[in-house]
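Undergrad: The following block contains the structure, expressed as structure tokens.
The values are calculated or read from the model by the stated rules, or taken from the named source; none is laboratory data. If you're wondering where the values come from, they're calculated on a predicted model, not measured in any experiment. FYI the Cβ positions are ideal-geometry reconstructions off the backbone, even for glycines, and counts take in every protein chain you see. The protein model used for the area step is the full one, side chains on, heavy atoms only, and it has no ligands, DNA or RNA in it. Shrake-Rupley method; radii C 1.70, N 1.55, O 1.52, S 1.80 Å.
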Amino acid sequence: MSFALAVAVSILATLPLGAKPRVRIVATGGTIAGVSASSSSSAYTAGQVTIQTLIDAVPQILDLADVSGEQLVNIGSQDMNDEVWLALSKRVNALLGKEGYDAVVITHGTDTMEETAYFLNLTVHSDKPVILVGSMRPSTAISADGPANLYNAVAAAVSPSTRGKGVLCCMNNQLLDAKSVIKAHTIDCDTFEGGPAGYIGYVYNGEAHVLQSVNSRHTVNSEFDVENLTSLPKVGIVYGYANCSPIPMQAFVDAKFDGIVLAGVGDGNFYKDVFEVAQRAQADGIQIVRSSRCPTGPTCLNSEVDDAKYHFVASLDLNPQKARILLMLALTKTRDWQQIQRFFMEY
């Protein structure tokens, strides 16, 4: 018996005879819940349609699972914040734990979907499927992509193949893992990419097919716990460029931020004036993480910058926005730069 078949048999054995998997959809807003002035207009307002309206628009999902929904917030994902992240993580843990749901689907705006997915990947402690889904066209648009994406997300959520893979995003028929997924195009429906390894699977005819494993630590193997947290450490991002001003870096220092991520040039390099501020900040206990503004490729440890000398941390495969999330969670556990570097190597 194959591993996938064994998992499927074990899941089915836990369900009453004839019962469908229980899937809870947690809605947060976004374009998938957006409304435009006309079906042909590119101007719209995100976060207008309620979760029940989204469910009613795709009755076919009820053939796949026992689906119910709840509205956590109804915002554009450009307004996503730490408070919502903490509430969402705690709610997903409760749904998959004591409330006994078999999977959770989260409707979300695309602007910060990759960040929410990665935050949940590190703070949800279950091997049950968690699938984020959104759309690039509002619900009222010609050929809105939300209904098909939602159907595919539920199909992925009930598939044994997605169990244990961590948090996934389901967009445009593709499945992408939380660590690798990036929004790569501002307006196209095929906006999400999976980094150098590409997407890890796809959904076709209501069936999810997973092609790759996920090797980084996540979910049940994560040591980060936000259950008792009401806030997160303050971490900002500074963008690097030619003749870069040190003022933004200094502003974070003056505001007493706990950490700063540099979206550096090339392999996470600093402009000389910024480098001086970063050195002083690190010496004063503000953790500096080097990342890169380049869309692909690692920020290497102790390569062009002597990280061990300055106690900087290299983000390795994480882009700046995900490096910020890992640094925030790392700072809830330690201020030791070597321990934080270990987190970046493992997660």
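Undergrad: Name every residue in segment 79-109 that is within 18 Å of the chain's Cα centre (by Cα), surrounded by fewer than 18 Cβ atoms within 10 Å (Cβ to Cβ) and assigned to a loop (DSSP other than H, G, I, E, B), in order of residue number.
TA: N81
Undergrad: Identify all residues within segment 32-53 that are at pLDDT 85 or above and open to solvent by 80 Å² or more (accessible area, probe 1.4 Å); write none if there are none.
TA: Correct list: Q52 only.
Undergrad: Yes or no: segment 21-31 includes at least one residue that is assigned to a loop (DSSP other than H, G, I, E, B), charged (D, E, K, R) and modelled with pLDDT of 90 or more.
TA: Restricting attention to segment 21-31, the residues satisfying the condition of being assigned to a loop (DSSP other than H, G, I, E, B) are 21, 30.
If we keep only those that are charged (D, E, K, R) as well, we get none.
No; the residues of segment 21-31 include none that is assigned to a loop (DSSP other than H, G, I, E, B), charged (D, E, K, R) and modelled with pLDDT of 90 or more.
Undergrad: Report yes if some residue within segment 306-314 is under 22 Å from D177 (Cα atoms), crowded, with 18+ Cβ neighbours inside 10 Å and of a type in the set (A, V, I, L, M); otherwise report no.
TA: yes
Undergrad: Could you tell me which residue of segment 238-253 is farthest from the chain's Cα centre (by Cα), considering only residues that are in a loop (DSSP other than H, G, I, E, B) and under 19 Å from A323 (Cα atoms)?
TA: Going through the qualifying residues, I end up with Y241.
Undergrad: Continuing with the same structure: Being surrounded by fewer than 24 Cβ atoms within 10 Å (Cβ to Cβ), more than 14 Å from G34 (Cβ to Cβ) and of a type outside the set (A, V, I, L, M) narrows it down to one residue among R137, R163; which is it?
TA: After applying the criteria, what remains is R163.
Undergrad: Next up: Among the residues of segment 47-78, which ones are part of a helix (DSSP H, G or I), under 22 Å from G34 (Cβ atoms) and over 15 Å from the mean Cα position of the chain (by Cα)?
TA: Within segment 47-78, I51, Q52, T53, L54, I55, D56, A57, I61 qualify.
Undergrad: Also: Based on this model, can you work out whether A153 counts as at negative phi, modelled with pLDDT of 95 or more, among the hydrophobic types (A, V, I, L, M, F, W, C) and open to solvent by 10 Å² or more (accessible area, probe 1.4 Å)?
TA: no
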